[in-house]
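The values are calculated or read from the model by the stated rules, or taken from the named source; none is laboratory data. All values reported here derive from a predicted model rather than from experimental measurement. Neighbour counts are summed over all protein chains in view; Cβ atoms, including those assigned to glycine, are modelled from backbone coordinates with ideal geometry.
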């Protein structure tokens, strides 16, 4: 049972922070937007009735970079198994998410969400990438978000899974040479469930990885080597893919569902990352206030935060 003062404090904290939670959003969306991402692709689009798996549907960007040319689009191949509008992270497991939240399901073979190159995504300094993932297959290298193409040394930044282990790669010169920054989590994420992952970078200081709000890996300036900048390329931002074209022809496609992908031009703090994850576990403020009143009447509330 949750104590009345705890429920009231949670609700009032969100309300006093100015989080306007709409019927189509949720506490998590409001929390992310309050930290001003340049890119925030909820990937909540649903398919048209006549074309459930085809290409080029718009993937709207809610971040500060704006919409229009800054939006992405779904570029799905012909291999069966991909769709948009699959079930995303939702209540009851994640009550801070919208009850109708959707996510694309990528088949791990030829599906990406493509965002054309724009100045707001040419981040050279501090960086954060975060999102929710529900992988089907952990084998190999599976991109979450990157501005990173191996062909012609067009590498900037990349958050991926390496045999299921979250990994953040930063290139200061477009190559994968000795100056690259590279940090990998010590263990894999699970399949068959939603996991929050994030990577942060501060030039000449640190690179960090987080899983479900907790820091799991870090490298710092010194012997480990943290780059002084991120290389600027003309490559697109790609969600669910990195690689190269022939003759190398390497393809790091994500296999499973991705959702709530956000990109920031600053390194979020550990407290901010934790708050983002925990906001997905908290119902919207009106529900908290109702529970608070019920608790005051001695009526137990059965909600528990997932650990």
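Numbers for the structure displayed
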{"quantity": "Matching residues, the range 70-90, being at pLDDT 90 or above and either buried (at least 18 other Cβ atoms within 10 Å of the Cβ) or not assigned by TED's automatic domain parsing to the domain that holds residue 59 (or both)", "calculated": "86, 88, 89, 90"}
{"quantity": "Any hit, the range 182-197, residues being modelled with pLDDT of 95 or more and closer than 25 Å to residue 65 by Cβ", "calculated": "yes"}
{"quantity": "Matching residues in the range 162-218 - criterion: being touching a helix residue (DSSP H, G or I) at 6+ places or on another chain (Cβ under 8 Å) and under 19 Å from residue 253 (Cα atoms)", "calculated": "196, 198"}
{"quantity": "Residue match in the range 228-238 (condition: more than 22 Å from residue 119 (Cα to Cα), in contact (Cβ under 8 Å) with a residue 12 or more places away in the chain and in a loop (DSSP other than H, G, I, E, B))", "calculated": "no"}
{"quantity": "Total residues in the range 103-161, condition assigned to a strand (DSSP E or B) and either out of contact with any strand residue (DSSP E or B) (no Cβ under 9 Å at 6 or more places or on another chain) or not assigned by TED's automatic domain parsing to the domain that holds residue 31 (or both)", "calculated": "0"}
{"quantity": "Selection within the range 257-302 - out of contact with any helix residue (DSSP H, G or I) (no Cβ under 7 Å at 6 or more places or on another chain), at pLDDT below 50 and surrounded by 15 or more Cβ atoms within 10 Å (Cβ to Cβ)", "calculated": "294"}
{"quantity": "Qualifying residue in the range 157-167 (condition: modelled with pLDDT under 95 and either surrounded by 23 or more Cβ atoms within 10 Å (Cβ to Cβ) or closer than 14 Å to residue 238 by Cα (or both))", "calculated": "no"}
{"quantity": "Among residues of the range 11-33, those that are at pLDDT 50 or above and either crowded, with 17+ Cβ neighbours inside 10 Å or closer than 26 Å to residue 256 by Cβ (or both), counted", "calculated": "12"}
